[in-house]
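Novice: Pasting a structure below so you can have a look.
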Amino acid sequence: MNIALWIVFPYVCLAIFIGGHIWRYQYDKFGWTTRSSQLYERKLLRIASPLFHFGMLGVAAGHFLGLVIPQTWTDGIGLSHTAYHVIAMAAGIPAGIASLAGLALLIYRRRTVGPVFRATTINDKVMYAMLALVMVLGIWNTIAGGVFNLGGEYNYREGVSIYFREIFYLQPDATLMEFAPFGFQAHALAAFGLFAIWPFTRLVHVFSAPIGYLTRPYIVYRSRDSRTGSGTGSRAPKRGWEKVQ
């Protein structure tokens, strides 16, 4: 069971994550979008979207520091485990709460605004449910373990973080997750599940950036000449393109 949960399942999810993005980019480029619903409703979106996105930036930065940066590195610069723990909670809890609040508002908006709800797909619903589960479990681990110390002292940087890095070394040690608290196990499994459905949802827009706008030439708009009916010739304008006086 440990091999299936902590070695087979993660690699299957990551394979789907990578292969799914390649497949979708090749065969569904027009669907590679956020499927924005801003035209339908803007008031709630102005609040929910920044809360969620900026909160997620903080969450992503915290996960990078906690999972990718080895504890020996922070120890080497004189940052003690206690100091790191305080910094992680001081920055991570507000970021997590902000992103969760933003997600809750986005879900509320999607459910209560008629046009937005009608544009919601099954993939959207599954994605929102998985994303909410991952976020709730992450906040629970931070608050329950860091603030209330439920389940005793557990340093995830000596267990979960090492396991995470070993996945990319192709040498994951399943026992590191076997003895982790249940909250961390559930959070990791839910995150792997989210990665598996990621390529088939609107989350693909995370890997998009409007870099082309930096080099794209200006678009020149010209009005039609009222004397000739056209800005480039004497031909009369087509129906529907007549200039309004």
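Novice: Out of the stretch 29-47, which residues are open to solvent by less than 50 Å² (accessible area, probe 1.4 Å), among the aliphatic types (A, V, I, L, M) and within 18 Å of the chain's Cα centre (by Cα)?
Specialist: If the condition is that a residue be open to solvent by less than 50 Å² (accessible area, probe 1.4 Å), among the aliphatic types (A, V, I, L, M) and within 18 Å of the chain's Cα centre (by Cα), then L45 is the only one that fits.
Novice: If you don't mind, another one. Of the residues that sit in the stretch 122-134 and are open to solvent by less than 50 Å² (accessible area, probe 1.4 Å) and touching a residue at least 60 places away in the same chain (Cβ under 8 Å), which one is nearest to L51 (Cα to Cα)?
Specialist: That would be L131.
Novice: Here are some conditions: (1) touching a residue at least 60 places away in the same chain (Cβ under 8 Å); (2) under 16 Å from the mean Cα position of the chain (by Cα). L100 meets all but one. Which one does it not meet?
Specialist: Going through (1) touching a residue at least 60 places away in the same chain (Cβ under 8 Å); (2) under 16 Å from the mean Cα position of the chain (by Cα) one by one, L100 breaks only (1).
Novice: Could I ask something else about it? Any residue in the stretch 170-199 that's at negative phi and aromatic (F, W, Y): show its pairings with residues that are open to solvent by 20 Å² or more (accessible area, probe 1.4 Å) and assigned to a loop (DSSP other than H, G, I, E, B) at Cβ separation under 9 Å, as long as the two are six or more apart or on different chains.
Specialist: Sorted first by the residue in the stretch 170-199, then by its partner, the pairs are F182/G151; F184/Y154.
Novice: May I pose another question? Tally time: how many residues in the stretch 54-74 are assigned to a helix (DSSP H, G or I) and more than 18 Å from Y154 (Cβ to Cβ)?
Specialist: Matching residues across the stretch 54-74 total 12.
Novice: Please state which one of I22, I69 is surrounded by 13 or more Cβ atoms within 10 Å (Cβ to Cβ), free of Cβ contacts under 8 Å to residues at least 12 places away in the same chain and not polar (S, T, N, Q).
Specialist: I69
The values are calculated or read from the model by the stated rules, or taken from the named source; none is laboratory data. Since the model is a prediction, treat every value here as computed from it, not as a measurement. As a convention, Cβ positions derive from the backbone with ideal geometry for all residues, glycine included, and neighbour counts pool all protein chains shown. The accessibility values were calculated without ligands, DNA or RNA, using every heavy atom of the protein model including side chains. Shrake-Rupley method; radii C 1.70, N 1.55, O 1.52, S 1.80 Å.
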